[in-house]
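Below: the structure, in structure tokens.
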Amino acid sequence: QVQLVESGGGLVQPGESLRLSCVASGNLFIIHTMVWYRQRPGPGNQRELVAGITAGFTTSYADSVKGRFAISRDNAKKTVYLQMNSLKPEDTAVYYCNAQIGPIREEGNVGSWGQGTQVTVSS
């Protein structure tokens, strides 16, 4: 199974930016679709798909982040990034990455969930 390590989170003020990184293990990164999820605080909140990028560099975003977040990948470094701009308090969450095969979809991840990286947006 693909192992994933997320980093780059932190505490920022509304309107500021962060860039998250996720490094994957193994030799199949180049063929994997890579996705970012987030899990907001509060009971019952499940992970929601935020953004994805296919092996062919097709991207997809949740409506809540479209125009503010940008996903990218560096195959040589086996790393996927999530550039988050114009952050809002409702973006506060733990952010996780994972790998998929084929098109971007809600489920069907092939990686082990990492510990995630905490993003807190607060004034």
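The values are calculated or read from the model by the stated rules, or taken from the named source; none is laboratory data. Please read these numbers as outputs of a predicted model, since none were measured by experiment. Virtual Cβ from ideal backbone geometry, glycine too; neighbours counted across all protein chains shown. Surface areas here come from the heavy atoms of the whole protein model, side chains and all, with no ligands, DNA or RNA. Shrake-Rupley method; radii C 1.70, N 1.55, O 1.52, S 1.80 Å.
Some points to look at:
- Most to least packed among 24-32, 56-64, 79-87, 41-49 [average Cβ atoms within 10 Å]: 79-87, 24-32, 56-64, 41-49
- Rg to Rh quotient for the chain, alpha carbon positions, Kirkwood Rh: 0.94
- Per-atom-type breakdown for the chain gives carbon and sulfur 50% of the accessible area (1.4 Å probe, protein chains only).
- Once the gyration tensor of the Cα atoms in segment 39-94 is diagonalised, the equivalent ellipsoid follows with semi-axes of 23, 13, 11 Å, ordered largest first.
- A compact globular protein would have a Cα radius of gyration near 2.2 N^0.38 Å; the ratio found for segment 9-60 is 1.41.
- Accessible area in square angstrom per residue, the chain, 1.4 angstrom probe: 50
- Antiparallel bridge percentage (DSSP; both residues within the chain; nearest 5): 90
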